[in-house]
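*Asks:* Before I ask anything, let me first share the structure, which is written out below as structure tokens.
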Amino acid sequence: MKKFMKTSAVVLTSALLIAACGNAGEARKGGSSEAAQDSVANATVEKVEVKAVEGRRNFSDKAVITPLPAIMIATWDEAQTPDVMMAAWGGQCGPKHITFELSKHKTTDNIRLKKAFTVSFATKDDIAQSDYFGTVSGYDVPDKVAKAGFTVTPSPNVDAPIINEYKLTLECKVVTFDEDENGGARVVGEVVNMSADESILDEAGNVDLSKLQPVIFDSAKNTYRVVGEKVGDAWGSGKALMEQ
């Protein structure tokens, strides 16, 4: 395994999103591809009359929410066989917590069993393998991690695998697992440890996203895009307006 080092802060590439859905094709039944998006378990059924906003193109209830991360959730099954899936509907929901919502998946079953998982992030360099993990079900291809040419190391902190080829990994224990009647669940995990390959750290030892080059999922065009250039400073770019 490449040399990893502990860092002091938790990094999640989509901190604005509270709920997440995994990819539908990993379900044992229904859908031929994991890249298809799940239906939210408790979606509103009641139909409302939608009035057009003047001067704009209106799309009714079609939602394009951005940025959507390409998070890679890794788990063990009962035989300690590693599985990885990609989830786009996920995000940070506390200082050291991540949440996502999954339908009936191999990953869902594994999290229910092990009460733990790791989260990594798809990048420009591994997009072929990461998309493969989001397309092929662990039910159908149990050795898909090995088939993709990836390797694993057991986490020393939780009962889940670390995918060595992903350079940023969060080791998480399950805090809540709210299961629905169809075998899906809304999961909240607590980050126990974050480790990063030294190649993605800056001179001060912090994670540098320009070196990691994580990708986001563009749901408007079903493509992946690399996280781009710096455009401002948090809690700093708006100071000029505050001083007016």
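*Asks:* ³J(HN,Hα) across the range 47-59 via Karplus (A = 6.51, B = -1.76, C = 1.60, θ = phi - 60°), whole Hz, x for Gly/Pro?
*Replies:* For the range 47-59, the Karplus-derived couplings read 8, 10, 6, 9, 9, 5, 7, 5, x, 9, 7, 9, 10 Hz, x marking Gly and Pro.
*Asks:* Over the range 88-244, what is the mean sequence separation of C-alpha contacts under 8 Å (at least six apart), divided by residue count, expressed as relative contact order in percent? Intermediate values should be presented prior to the final figure.
*Replies:* Details: 233 pairs, mean separation 37.3, N = 157.
Averaging sequence separation for qualifying contacts and normalising by length gives 24 percent for the range 88-244.
*Asks:* While we're here: Quick one: net charge around Gln80, please, counting Lys, Arg +1 and Asp, Glu -1 for every other residue with C-beta under 11 Å from its C-beta.
*Replies:* Working: positive: Lys114; negative: Asp77, Glu78, Asp83, Asp159.
Surrounding charge for Gln80 is -3.
*Asks:* Given H placed on each backbone N at 1.01 Å, which residues far from Val192 in sequence or on other chains put an amide H within less than 5 Å of it?
*Replies:* Excluding prolines and chain starts, which carry no amide H, the hits are Glu171, Cys172, Lys173.
*Asks:* Please give, to one decimal in nm, the separation of the simple spin-label points placed at Ser60 and Asp218, each 7 Å out from Cα toward the Cβ.
*Replies:* With each label point 7 Å from Cα toward Cβ, the separation is 2.6 nm.
*Asks:* While we're looking at this one, here's another question. Quick one: grab Rg to one decimal and Dmax as a whole number for the range 119-244, Cα atoms only, in Å.
*Replies:* So, for the range 119-244, Rg and Dmax equal 18.1, 61 Å respectively.
*Asks:* Would you grab the residues whose amide H sits under 5 Å from the one on Val152? Only those 5+ places off in sequence or on another chain, please, with H modelled 1.01 Å from N.
*Replies:* Close amide H contacts, sequence-distant or interchain: Asn164.
*Asks:* For Ala160, what charge total do you get from the other residues with a beta carbon under 14 Å from its beta carbon, if Lys and Arg give +1 and Asp and Glu give -1? Walk me through the intermediate numbers first.
*Replies:* Working: positive: Lys106, Arg112, Lys114, Lys115, Lys173; negative: Asp77, Glu78, Asp83, Asp109, Asp159, Glu171, Glu190.
Residues close to Ala160 contribute a combined charge of -2.
*Asks:* When the Cα centres of the range 105-134 and the range 178-219 are compared, how far apart do they sit, in Å?
*Replies:* 11 Å
*Asks:* Given the peptides 100-106, 217-223, arrange them by the average over their residues of other C-beta atoms within 10 Å, most packed first.
*Replies:* Values: 100-106: 25.7, 217-223: 13.4.
Final packing ranking: 100-106, 217-223.
*Asks:* Excluding Lys114 itself, calculate the net charge of residues whose Cβ lies under 13 Å from the Cβ of Lys114, where each Lys or Arg counts +1 and each Asp or Glu counts -1. Mind showing how you got there, number by number?
*Replies:* Numbers: positive: Lys106, Arg112, Lys115, Lys173; negative: Asp77, Glu78, Asp83, Asp109, Asp159, Glu171.
So the environment of Lys114 carries a net charge of -2.
*Asks:* Using mean Cβ contacts within 10 Å as the protection proxy, how do 126-135, 59-68 order, highest first? Walk me through the intermediate numbers first.
*Replies:* Values: 126-135: 20.3, 59-68: 11.5.
Final packing ranking: 126-135, 59-68.
*Asks:* How large is ³J(HN,Hα) for each residue in the range 69-86, as worked out from phi by the Karplus curve 6.51 cos²θ - 1.76 cosθ + 1.60 (θ = phi - 60°), to whole Hz, x for Gly and Pro?
*Replies:* x, 10, 8, 10, 9, 10, 9, 9, 9, 5, 9, 6, 7, x, 9, 9, 9, 9
*Asks:* Would you kindly state how much longer the chain becomes between Lys124 and Val50 on full extension, computed as 0.36 nm times their sequence separation minus their alpha carbon distance, in nm to one decimal? Spell out each step's value before the answer.
*Replies:* On the way: separation 74, 0.36 × 74 = 26.64 nm, distance 3.91 nm.
Contour length minus the Cα-Cα distance gives 22.7 nm.
*Asks:* In sequence order, what are the phi-derived ³J(HN,Hα) couplings for the range 178-190 according to the Karplus relation 6.51 cos²θ - 1.76 cosθ + 1.60 with θ = phi - 60°, rounded to whole Hz, with x for glycine and proline?
*Replies:* Running phi through 6.51 cos²θ - 1.76 cosθ + 1.60 with θ = phi - 60° gives 8, 8, 9, 6, 9, x, x, 7, 9, 10, 10, x, 9 Hz.
*Asks:* Just subtract the alpha-carbon distance of Leu113 and Glu179 from 0.36 nm times their residue separation and send over the number in nm, one decimal.
*Replies:* Difference between extended and current length: 22.5 nm.
We did not get these values from a lab; they are worked out from the coordinates using the rules stated. For clarity, every value in this text was computed on a predicted model and none was experimentally measured. Every residue, glycine among them, receives a Cβ derived from its backbone with ideal geometry; neighbour counts consider all protein chains shown.
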